[in-house]
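Beneath this line is the structure, given in structure tokens, with notes to follow.
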Amino acid sequence: MFGSKKGREKGWAIFEAEALPLMPDVFRVAKWLARDAAVAEDMTQETYAQALKSFHRYTPDTNCKAWLLTILYRVNGKRRMKLGQLKLVEDTEEQIAETVAFEPSIPQHLTDDEIINAINRVPKKFSEIVMLTDVEDFAYKEVAEMLEIPIGTVMSRLHRGRRLLRQELAGPAREYGIASNE
Amino acid sequence: MNCREFRSFIDSFLSDELLVETNHELLDHLEDCRDCREQLAARRALRGRLRTAVRTSPAMGIDQSFAVGLRMKLRESALRPSFLGIFASYRLPLAAALAGLVVIAAVGYFFLDRRGSDEPVTARSGQVTQDSVVRSNNGEVVNAVRAAWTDLAELAVGDHENCAVKFNLAEPPISLSEAADKYGSYNRDLDRAVTSALEKRFPGSGPDKVEFLEAHFCLYKGRRFSHIVFRQKGELISVLVADTDLPFDTNALNEDVTVGPMHASGSRVGTHAVFVVSAMTDAENDVIATTIKPAIRQHIESAGA
């Protein structure tokens, strides 16, 4: 993989320093995509195996996290293809635009579980963008490259995703009697 | 700029994706518009809460035994010579004869390596037990386990430096009581067990008096630690406890690790790794480590962890 013994040790040292510390981040996104810990572990393992094999294509000190997640998304794509989950779906963006009739206020007293449950209820096409930008700190351009979609699509899905999240959170707050429509 | 225009930019402003000039226009609007300031603050707070909630959620955290097992497997794979690697290093006029020798060597290596890999050392199961380490008699596995232990010790040092010394962690720590509910009951009153042991060993009136500073549960580079901070002879000392599936105490694993000016004395207590990290000498660290280890063992056992 890395050639001579010295080359292997040197290559491993760089891989260990740059790629391995990101394993919790890769797993977190894999878990988000798969919703199952065992599947997420398999995806993480496959991602790292592929990353090690193709590490010669990675330029050290560049964005290793984006590189690893690009591999993860490819692994996920193959997994979904095997499960027969890759199919054309209706574009729900127009439908969602009609149903979001108001801008809900953001409640104050919410638990972490309520926030996570709320983002889980947002359709994946939108929540995925929110996760990659707000939780994983990727720029629009990086998300666009990772998901192979235009930057404009990233922006519009992010806008909708954040809005839907606020709407989902307004639900629990109304139950507490502390939210009002703006 | 009016409020409608501002709201159309707010998402990109939050994501820091706007041009400098546009940012200035938004900031100008914010100076005069309380509603938009409040809206921006609320959205920024929600963004932060989402980030913290997902990143600290136990359901989204990687299982450490899986992570260690995968690391070991990757290391083995990376350092094992490939057939092409061996062949490429023998580019001499007698390459054909040497290639034949290399084929024989590679087959022999593969055969020997397969015998050593009958033990259940896999990334998937993550079950690297003492028995498998001893029975496999596989030097590479033992070295990989030692490397994993060193990695864990280095994370402990990193946590000491970034948390106790610089207060520079990406995620804010939580109390040990909260950690007891989320991450293991042994966290409850762990600081009292450690403090009590140290106060007996270093009485309050002596020159080696130990001063308790704080205790919490923190996250450093994906690793969770119960963290208790003391001061002795003017030096900050961290006692860090983490879950681990690395094999039981062996002499090979109770090694001191040095990272820059910091020393870490590590040992295994049940399914936990305990590190004492400071800029004091190894010998001074070891005195503290041997003092607190029995107290931590008793505390963890009585907590049922």
Task: Rg/Rh ratio calculated on Cα atoms of the stretch A:1-74 (Kirkwood radius) - done: 1.00
Task: Burial ranking of peptide ranges A:117-130, B:265-278, A:147-160 (average Cβ count within 10 Å, highest at the top) - done: B:265-278, A:117-130, A:147-160
Open item on the list: As a quick test, which of the pairs A:Lys5/A:Lys53; A:Lys31/A:Lys125; A:Lys31/A:Lys141 have an alpha carbon distance above 19 angstrom in this structure?
Closed with: A:Lys31/A:Lys141
Task: Extension gain (nm, one decimal) between B:Leu18 and B:Gln298, 0.36 nm per residue minus Cα-Cα - done: 95.2 nm
Task: Coarse-grained scattering of the stretch B:158-229 at q = 0.12 Å⁻¹, given as base-10 log I(q)/I(0) from a Debye sum over alpha-carbon atoms - done: -0.36
Task: Whole-angstrom gap from the stretch A:19-58 to the stretch B:1-69, using each part's C-alpha centre - done: 27 Å
Task: Residue-averaged beta-carbon neighbours from other chains (10 angstrom radius) around B:33-44 - done: 1
Task: Shielding by partners, peptide B:59-69 (average Cβ within 10 angstrom, other chains) - done: 5
Open item on the list: Please report the spacing between the Cα centers of the stretch B:152-199 and the stretch A:131-170 in Å, no decimals.
Closed with: 34 Å
- [ ] Please give the length that would be gained between A:Ile151 and A:Ile116 if that part of the chain were fully extended, namely 0.36 nm times their separation in residues minus their C-alpha to C-alpha distance (nm, one decimal).
- [x] 10.0 nm
Task: Shielding by partners, peptide A:34-44 (average Cβ within 10 angstrom, other chains) - done: 3
TODO: Report Rg(Cα)/(2.2 N^0.38 Å) for the stretch B:207-248, keeping two decimals.
DONE: 1.41
- [ ] Can you tell me how much longer the chain between A:Ala17 and A:Ser4 gets when fully stretched, taken as 0.36 nm per residue apart minus their C-alpha distance, in nm with one decimal?
- [x] 2.7 nm
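The numbers here are math on the coordinates, done by the rules we state, and not lab data. In this text the structure is predicted, and so the values were computed from the model without any measurement. We place every Cβ from the backbone using ideal geometry, glycine too, and count neighbours over all the protein chains shown.
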